[in-house]
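The values are calculated or read from the model by the stated rules, or taken from the named source; none is laboratory data. What you are looking at is a predicted structure, and each value in this text was computed from that prediction instead of being measured. Cβ placement follows ideal geometry from the backbone for every residue including glycine, while neighbour counts extend to all protein chains displayed. Only protein heavy atoms, including side chains, enter the accessible area calculation; ligands, DNA and RNA are left aside. Shrake-Rupley method; radii C 1.70, N 1.55, O 1.52, S 1.80 Å.
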Amino acid sequence: MKISDLGNLEQLFLSLDTDPGKGLSGKRRQELLAKHGANKLDTESNKSALLMLLSQFGDIMVLILLAATLVSAFLGEFHDALTILIIIILNAILGFAQEYKAERSLEALQNLTAPNARVLCNGEITQVPAESLVPGDIVFLRAGDKVPADIRIFDSISLEVEESPLTGETVPVAKSEKGEDSQVMAYMGCLVTRGRSSGIVVATGMKTKMGQIAGMMQHAQTDPTPLQMRLNRLGRVLVTVCVLISVFVAVAGMLRGEAIYKMFMAGVSLAVAAIPEGLPAVVTLCLAIGLQRMLRRKAIVRKLPAVETLGCATVICSDKTGTLTQNQMTVDKVYLAGEQLSVTGKGYAPVGEVLGLNRVRGEAREIYAEISALCNNSHLQGDKQRGYTIIGDPTDGALLVLARKFGVSRGFLSTKYEAVEEFPFDSSKKMMSTVVRHAARGHYLVLAKGAPDVILSRCSTYFTQRGVAPLGPATVAEIKQVNEKWANQAYRVIALAYKASAACPRQREQADTDLVFVGFAALDDPPRPEVASAVLACLRGGIRPVMITGDHKATALAIARRINLPYSQDSVITGAEIEALSDKALLRRVDRLSVCARVYPEHKMRLVRALKQRGHVVAMTGDGVNDAPAVKEANIGIAMGVTGTEVTKEAASLVLADDNFATIVAAVEEGRIIYDNIRKFIRFLLSCNAGEICTMFFAMLLGFPLPLRAIQILWVNLVTDGLPALALGMEPGSPGIMKRPPRPVDEGILARGMGAGILFTGLSIGVLTLMVFAIGLARGLTLEHARTMALSTLICVQLIYSLACRADDSGRAAPLSANMWFVGAIIFSFALLGLAVYNPVLQKVFDTVALCPSDWLLIGGASVIPLILGRMRRLLLPSR
């Protein structure tokens, strides 16, 4: 859309039926949303449910089984053909349900990561999902935002936008309300790198410039996670081994005189039963369940490999404000004209007062309140009846509330001053300044706030009870003592300053020099109540928490004491000290660090790289644009979902919906649980498959008749490898999972003796099943009776063995009542076994006979032997 086609701004507002002072009404927004549709880019449609179902029949082993079904029907074995076909369909339905659930789960997570936008609606600024934007909406942008739609700018201060998603150029482009189309437009998907602005939405969704590009792009495929690739390699090895064994069994049987058809079916069914064809689907389901559990604990996973990496984390580098603390800033103390004053009233309600304010001369009070209100990008929303909320930065919000307690509102000041220029907060400058023009007198004021040491370094004078006086070294030392005192009490101290100017300073260097120091605001941001226990959980689990903050060192240490974060003189460092250290010196010290104060984003990058070089798996939090490189560099990048910028969220693997450190620890715990559950499932599945292979293989070697018919093996595969295996993926986690050290990041899926344990258990299952079969034959029972005993033994052994698979490497497991899905799966599987043995119809299908109590006594005794052997092996060889 060309702005020139719509004429000037007045015509644009008129054509879109928008009031620039009030925005659209809620009703009008709903009408336009219905007309224009959601503000999102169309992608290739997701795989339909029908295609998901059909894809379940594309596996090579399923195709072999279908071929076997056709051979059975051709040879007149219609019962076998029909039963195999039913089992194929049941497996397909199970796989479809798994894939469909995983697909819907991931879609839900993707929707949750959609950005929000600040919109003027009915005269109030509110946050809405970016997808709900419509042409005509008045939108507010600030540094760090991703532009949510194509927006025509009509009011801006120092606005710069990086348009690399459209042009490939990373150099920010200056924007303003006048000029060519490219100068007055901010396009969807681009990043605001500097300044702020107001604008009107002129295009949404596929009508935006980004939408035109999206229409020409193909949907990118999602790469498998490292875990999935390792499992795929494992699956290929197992396929090769199992097919070779199956061929051997089939050929050996034919050489012994067995019917070719029976041995063909035995070989095919053995291969299908032995190969874990459901492994990728169950792994996907485990991941989906884990992602949902993380979501319930306020952690949104954006990149699946993070789930695997979370369980390996050894260091968590966390911001202080809003993550370790509540991010609910309240000004408790004021330092003004040499007076230390107390402030009453908590929270964001603009009620309360500044005690002792009458002792301060009026000019100082006035300028202090004006800096608090005007050098500020937050908005106070609500009223006494509904309560108040802050839209914007919590520190700005606290200062805005403080201005109200001084008796000054922004609405009143807007009639007195006109905003002219803004130099936004810069993490490297550690300050923000605003230039305003006095409407009546015509002179300009520079209003500044920031870190005390930075502001003081730019001041040449200060306010006293008698007026403005030169700022000498002795006074600076006295003021710094106040700052140090409050910082030691865990206050975040903000310094305020100003200067008057006849001309408007257009450059930051001109504005932020020769200032008048006005005073301090001491803000309290108490720790989150759950953080202390989360820090303790990290320390017990071999994870080192590292606090990283831009605040004063004393403030950081005060918070560290309140959250029980251990530190020593050698474990505390400042940004200045990091700069002074060489890379080698930092590498020697980084293992001991626990508190990093006055840190800039570039310091975060050095810390991450040093920790990684020391072999750590690093989780790093961030919220600002400048944090994105360090977040991306970390093994696990974590973005703040509430205060984080969209560019940081895109660089992150994990987004915290509540910006809470305890949520990071919860996500690490869930990552460990997911990996454990995948190992439990693999241990169970491969042990059972190995047991089936051993049963048939040893029977062939010893010259026994086949202990199981092909259809019975398929039934075992469905009953034993289906529901219990899925239920293992829903385990809540073993007790003490956060008390063990992180696993090595390069650990194999069958590590810690699990491969040997699988072979041992498979051998035990095979020997016991064949032993019961041989006893049945020795007692003179019919072949059908002995096979029924072998079938029942195989199923019972595997189902009882699944109980052992719930335990972790140390043998600990959650109470059975914690996973009722597992209890239900076991009961249902035993019920299906009973039906196969005693139901007359299924007896004909599976060639089984009813068993007597003595048979069950033998079967039951044999079924518990693997548990006993496993326990003995665990005692003798602690690692499985």
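For the stretch 655-712, how big is the tail of P(r) above 13 Å, as a whole percent of Cα pairs?
Everything past 13 Å amounts to 72 percent.
Could you calculate the contour length gain from S810 to W856, that is, 0.36 nm times the residue separation minus the distance between their Cα atoms, to one decimal place in nm?
Details: separation 46, 0.36 × 46 = 16.56 nm, distance 3.21 nm.
Difference between extended and current length: 13.3 nm.
Taking all protein chains together and rolling a 1.4 Å probe, D319 ends up with roughly 20 Å² accessible.
Once the mean 1/r over all distinct Cα pairs of the stretch 422-515 is inverted, what Kirkwood radius in angstroms do you read off? Intermediate values should be presented prior to the final figure.
Values: mean 1/r = 0.0703 Å⁻¹.
Kirkwood hydrodynamic radius for the stretch 422-515: 14.2 Å.
Counting only protein heavy atoms and a 1.4 Å probe, the chain has 42 square angstrom of accessible area per residue.
By the compact-protein rule of thumb, 2.2 N^0.38 Å, the alpha-carbon radius of gyration of the stretch 655-792 corresponds to a ratio of 1.42.
Compute the acute angle (0 to 90°) between the alpha-carbon long axis of helix 853-876 and the principal axis of greatest extent of the alpha-carbon atoms of the chain; round to the nearest 10°. The angle comes out at about 50 degrees. Convex hull volume of the Cα atoms of the stretch 365-405, normalised per residue: 57 Å³.
Pop out the Kirkwood hydrodynamic radius of the stretch 123-204 from its pairwise C-alpha distances, inverse of mean 1/r, in Å to one decimal. Intermediate results must be reported in sequence, preceding the final value.
On the way: mean 1/r = 0.0803 Å⁻¹.
For the stretch 123-204, the Kirkwood estimate is 12.4 Å.
Axis of helix 226-255 versus longest Cα principal axis of the chain: the two differ by about 10°, to the nearest ten degrees.
Rounded to the nearest whole Hz, the Karplus-based 3J(HN,Hα) values (6.51 cos²θ - 1.76 cosθ + 1.60, θ = phi - 60°) of the stretch 666-672 follow the sequence 5, 5, 4, 4, 5, x, 5, with x at glycine and proline. What FRET efficiency would be calculated for the residue pair E509, E180, taking the C-beta separation as r and a Förster radius of 35 Å, to the nearest 0.05? Efficiency, from the Cβ-Cβ distance: 0.75.
For K298, K146, K207, the ranking by accessible surface with the largest value first comes to K207, K298, K146, using a 1.4 Å probe.
Applied to the stretch 581-596, the Karplus parametrisation 6.51 cos²θ - 1.76 cosθ + 1.60 on θ = phi - 60° returns per-residue 3J(HN,Hα) values of 7, 6, 4, 5, 5, 5, 4, 6, 9, 5, 5, 9, 6, 9, 9, 10 Hz, with x for Gly and Pro.
Computed on protein heavy atoms with a 1.4 Å probe, the accessible areas place R592, R752, R683 in the order R592, R752, R683, largest first. Using only Cα atoms, find the angle between the long axis of helix 60-74 and the longest principal axis of the chain, and express it within 0 to 90 degrees, rounded to the nearest 10. Computed tilt is about 30 degrees. State to the nearest 20 debye the size of the charge dipole of the stretch 669-778 about its Cα centre, where the only charges are +1 on K and R beta carbons and -1 on D and E beta carbons. The calculation lands at about 180 debye. Convex hull volume per residue, computed on the Cα atoms of the stretch 291-370, equals 162 Å³.
Label-to-label distance for I93 and E353 is 7.5 nm, based on points extended 7 Å past Cα in the beta-carbon direction. Principal axis analysis of the Cα atoms in the stretch 710-866 yields extents of 55, 29, 26 Å, listed in decreasing size.
Cα-based radius of gyration for the stretch 496-624, normalised by 2.2 N^0.38 Å, reads 1.32. Projected over all directions and averaged, the alpha-carbon convex hull of the stretch 769-846 occupies 6.5 nm².
Size of the chain from its Cα atoms: along the principal axes, largest to smallest, the extents are 114, 65, 52 Å. Near E339, once Lys and Arg are set to +1 and Asp and Glu to -1 for all other residues with Cβ below 12 Å from its Cβ, the sum equals +4.
Its residue count N sets the reference 2.2 N^0.38 Å, and the alpha-carbon radius of gyration of the stretch 589-739 equals 1.63 times that reference.
Considering only protein heavy atoms, with the full assembly of protein chains and a 1.4 angstrom probe, order D19, D809 by accessible area, largest first. It would help to have the intermediate numbers written out before the result.
On the way: D19 70, D809 40 Å².
Ranked list, largest accessible area first: D19, D809.
Choose one of L41, F264, V546: the residue whose Cα lies farthest towards the positive end of the charge dipole of the chain (beta-carbon charges +1 Lys, Arg; -1 Asp, Glu; about the Cα centre). Highest projection toward the positive end goes to V546.
FRET efficiency for the pair R614 and S533, taken as 1/(1 + (r/R0)^6) with r the Cβ-Cβ distance and R0 = 25 Å, rounds to 0.35. Summing charges over all other residues whose Cβ lies under 10 Å from the Cβ of V134, with Lys and Arg as +1 and Asp and Glu as -1, gives +1. Modelled this way, with points 7 Å down the Cα-to-C-beta line, the labels at L41 and V864 are 6.2 nm from one another. Per residue, the average separation of C-alpha pairs within less than 8 Å and at least 6 apart gives the chain a relative contact order of 11 percent. The value obtained for the stretch 712-751, namely the Cα convex hull volume divided by the number of residues, is 104 Å³ per residue. Fully extending the segment from R256 to E10, taken as 0.36 nm per residue of separation minus the present Cα-Cα distance, adds 79.1 nm.
Averaging 1/r across all pairs of distinct Cα atoms in the stretch 502-541 and inverting the result yields a Kirkwood radius of 15.1 Å.
Candidates V161, P473, A313 compared by Cα position along the dipole of the chain: farthest toward the positive end lies P473, with charges placed on Cβ. In a simple Cβ point-charge model (Lys, Arg +1; Asp, Glu -1; nothing else charged), the chain has a dipole of about 2040 debye relative to its Cα centre. For the chain, carbon and sulfur atoms together expose 59% of the accessible surface, with a 1.4 angstrom probe and every protein chain in place. P(r) for the stretch 344-480, from all Cα pairs and a bin width of 5 Å, is 2, 9, 16, 20, 21, 18, 10, 3, 1, 0 %, short bins first. A viscosity of 0.692 mPa s and a temperature of 37 °C, combined with the Kirkwood radius over C-alpha pairs in the Stokes-Einstein formula, give the stretch 413-476 a diffusion coefficient of 243 µm²/s. Extension gain for E124 to A831 (0.36 nm times residue separation, less C-alpha to C-alpha distance): 248.3 nm.
A crude spin-label estimate for the pair V173 and L587, with each label 7 Å from Cα along the Cβ direction, gives 4.3 nm.
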